[in-house]
Each structure stands twice: as C-alpha cells, then as structure tokens.
Amino acid sequence: MEHIDVAVIGGGQSGLATAHALLRRGLRLVVLEASDRAAGSWARYYDSLTLFSPARYSSLPGMPFPCADRDRYPHRDEVVAYLTAYASRLDADIRTSQRVTSVRRDGSTFDVVLEGGGRLGARSVVAASGTFGRPHRPALPGLAGFTGQVLHAADYRSPAPFAGGRLVVVGAGNSAVQIATELAEAARITLATRGPVKFAAQRILGRDLHFWMARTGLDTAPLGRLLPHPPAQPVLDDGRYRAALAAGRPDRRPLFTGADGTKLIWPDGEREEVDAIVLATGYRPDLSYLTDLGGALDAEGKPRHREGLAISVPRLAFVGLEWQRSLSSNSLRGVGRDAERIARRLAAHLARR
C-alpha cells in the first residue's frame, strides 16, 4: 500500500488551497477528487450563477483571478476555468475520479479506502470535500405527500424545462432569491420562506461590500468559535432582487402548511396546483467517509472541530467549512487563510513525530 504524509480529500477550492499550503512545507501529499476534474462542485451549479464577490476578492493563494475588470463578478464557468488552471500550475499529485468511501485508523496512520478497493496510508488527513454532495432537504409540512416534482437547487440548471409552469422555490438565501427571480421570467413563481427576506446592499458609497468587510477586518475576524449557531447571511443585492420581489416576480409567501397530491396548502387555507418545488435550502458538510473515525463527527454528521482541527482525532483536519474560523472560511477569498493555518499546524505535528 502506498504511504504519504497527507491525504487531501476533495479537489475543489478548499483542497487546492490546502495542497498549495502543504507543498510550501515540503510535505508529500495526494489530492483525491471524486469527479473527473479538479474544480470541485462549481461545474454543477446552475447555469447563470455568478460570484457574490468581485474578481479582486475571489482568488486562491499565489494566483490572482484573471479578469481585466477586477470589479466584475465572474461567471460560474470562469471560476471552473480558474480552478482548473490553478490545479495545473500546482506541483501536486492530484488524482481525479477517486472517491473516498471511508477513512479508518491503522495504528499510527490513517487507512484511506477508495471506491473500487484502492487504499492509501496517510500520516494525516485533511477533509476538504465541501458540501455539494449533501444537499439539505428539510422536513417541510406535507412535502412527503406532494406528488409533483421536487428538486433541490443542486439539481437545478436553467428555467427552460419549467417555462409556463407553476413553481414554488423554498428558501431565503442568495441562491433561493436568484433562482426564483430567474424562474419568474419564464414561469409563475412563489418564493416561500419562514420569514421576510433580509437584504444587504451589494455596494456602499460606491464600493462593493467586500471592500468594506476587508477594510474593517470583519471578513477575517475569528468569529467562528463564538458562533455555535452562525446567523444566516443576507441576500446581497444591487437593487434588482428587492425590486423583483416588490413587483411580485416572484411573489413571496409564508411557507405552505401542507400538501395534497399536487396541491399545496397555504396558511390562509388556499389550495393551489403546483407543478414543482425547488428546495434552495442549503447544504451540509459531506463527510460520511469519516463515520468510522470515532469522534470525528457528531450525531448529525457535523464535524467536531476547533478552527478546523478535529477535537478528538489527532492529525485529522478540515478546510472549507462554513464559519470554520471566519465569515470568509468557505469562500474563494478566505479559504487560503484557513488552509495556511491548518498546513502550519499539521506540519509542526508531523515534524514532532
């Protein structure tokens, strides 16, 4: 069996940033990516997605985002091309189509088991597999009895298949509002939320919000440990989404209270035929391969960590978690800082051994 210093699980932005930081410390590593290319989940997001941060705030360590207009918001496909180029410039052993099914203890090392039976021995493991593989599907009232189409935002690509239909988008975050507004151009759409949608201005005093977060230090402040239940982030808006909701395209309603076949039941008792429900309800860390490491995950499958270091499993670390250390921990602009800290801590630990 092959033996290495560090197995990095995930070849998206978190895994690539981690590989960059580990290589600078001379560690022997392998990046294991389940898909066929090192771009993480970006290629599978909906077609119209653009970054919420401008190009100047959307780079991994060592390679600025290539964009002539640094204040422009890059498209999904530009991010895929950027990550692919970043991976090709790394002097790292990146292995695609290598899905990790489990990580186990084998004496003083980790036994990393791959789909198909392959194995690696690693002195340390970094879980950087993101969340896209585990869409969150909450238990909504009556949803189990709804016989129309139900899909998660992870499965949504464009409005074309839904033209002329009646759809309900569930969620109050950036993706929910973006998808609902886009669908409203082709179909009759309701955005169903538990409460009012909260907006934050994309630009303040002529500057993007990210400029002010960087200038004030809010973007990098180590607030993760102080927030056991991180607040939902508001919808970043340049005015178009607030205007769309005000115009009823989409309209916003409180969450439905039940379902009867293809009919949804609204709080006022109205029963309405609906073709499909889109759950824009977020994701959870995709870490089922750590189940065999006792203490790595809690009862809900969430990582037990302190700023990315596993609490009870030495030499296991995480990169790319939401609020891992700061507001920007799971973003292109912030993941490199967390990766650097984790690499430094792991290198020191391995050197002591």
>> Show the residue pairs meeting these rules: Cβ distance below 6 Å; 6+ apart or different chains; first residue within the stretch 249-263 and more than 16 Å from VAL177 (Cβ to Cβ); second residue open to solvent by less than 70 Å² (accessible area, probe 1.4 Å) and outside any strand (DSSP E or B).
In response: PHE256/TRP266; THR257/PRO141; GLY258/PRO141; GLY258/GLY142; ALA259/GLY142; ALA259/GLY145; THR262/GLY148
> What are the residues in the stretch 47-85 that are among the aromatic types (Phe, Trp, Tyr) and either part of a loop (DSSP other than H, G, I, E, B) or modelled with pLDDT under 95 (or both), if any?
Replying inline: PHE52, TYR57, PHE65, TYR73
>> Please go through (1) of a type in the set (A, V, I, L, M); (2) part of a loop (DSSP other than H, G, I, E, B); (3) open to solvent by less than 50 Å² (accessible area, probe 1.4 Å) for ALA232 and return the number of the only condition it doesn't satisfy.
In response: (3)
> Conditions: (1) of a type in the set (A, V, I, L, M, F, W, C); (2) part of a loop (DSSP other than H, G, I, E, B); (3) modelled with pLDDT of 95 or more. VAL30 meets all but one. Number of the miss?
Replying inline: (2)
>> So, in the stretch 335-353, exactly how many residues are in contact with an Asp or Glu (Cβ under 9 Å, 6 or more places away or on another chain), more than 19 Å from ALA122 (Cα to Cα) and crowded, with 24+ Cβ neighbours inside 10 Å?
In response: 1
>> Being touching a residue at least 60 places away in the same chain (Cβ under 8 Å), out of contact with any helix residue (DSSP H, G or I) (no Cβ under 9 Å at 6 or more places or on another chain) and either in a helix (DSSP H, G or I) or open to solvent by 10 Å² or more (accessible area, probe 1.4 Å) (or both) is the requirement here; does SER97 meet it?
In response: yes
> Checking ARG105 against (1) in a strand (DSSP E or B); (2) surrounded by 15 or more Cβ atoms within 10 Å (Cβ to Cβ); (3) not β-branched (Val, Ile, Thr), which test does it fail?
Replying inline: (2)
>> Any residue at all in the stretch 263-280 that's out of contact with any Lys or Arg (no Cβ under 6 Å at 6 or more places or on another chain) and under 24 Å from LEU209 (Cβ atoms)?
In response: yes
> Of all the residues that make up the stretch 201-216, how many are open to solvent by 20 Å² or more (accessible area, probe 1.4 Å) and assigned to a strand (DSSP E or B)?
Replying inline: 4
> How many residues, within the stretch 261-304, are open to solvent by 30 Å² or more (accessible area, probe 1.4 Å), under 25 Å from VAL103 (Cβ atoms) and in a strand (DSSP E or B)?
Replying inline: 2
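Residue-wise test of (1) surrounded by 18 or more Cβ atoms within 10 Å (Cβ to Cβ); (2) of a type in the set (Ser, Thr, Tyr).
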| position | (1), (2) |
| --- | --- |
| ALA43 | no, no |
| ARG56 | yes, no |
| GLY62 | no, no |
| ASP93 | no, no |
| THR101 | no, yes |
> Inside the stretch 217-229, can you point out the residues that are under 20 Å from the mean Cα position of the chain (by Cα) and outside any loop (DSSP other than H, G, I, E, B)?
Replying inline: GLY224, ARG225
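The values are calculated or read from the model by the stated rules, or taken from the named source; none is laboratory data. Nothing here was measured: the structure is a model prediction, and the numbers come from that model. As a convention, Cβ positions derive from the backbone with ideal geometry for all residues, glycine included, and neighbour counts pool all protein chains shown. Areas reflect the complete protein model, heavy atoms only, side chains present, ligands, DNA and RNA absent. Shrake-Rupley method; radii C 1.70, N 1.55, O 1.52, S 1.80 Å.
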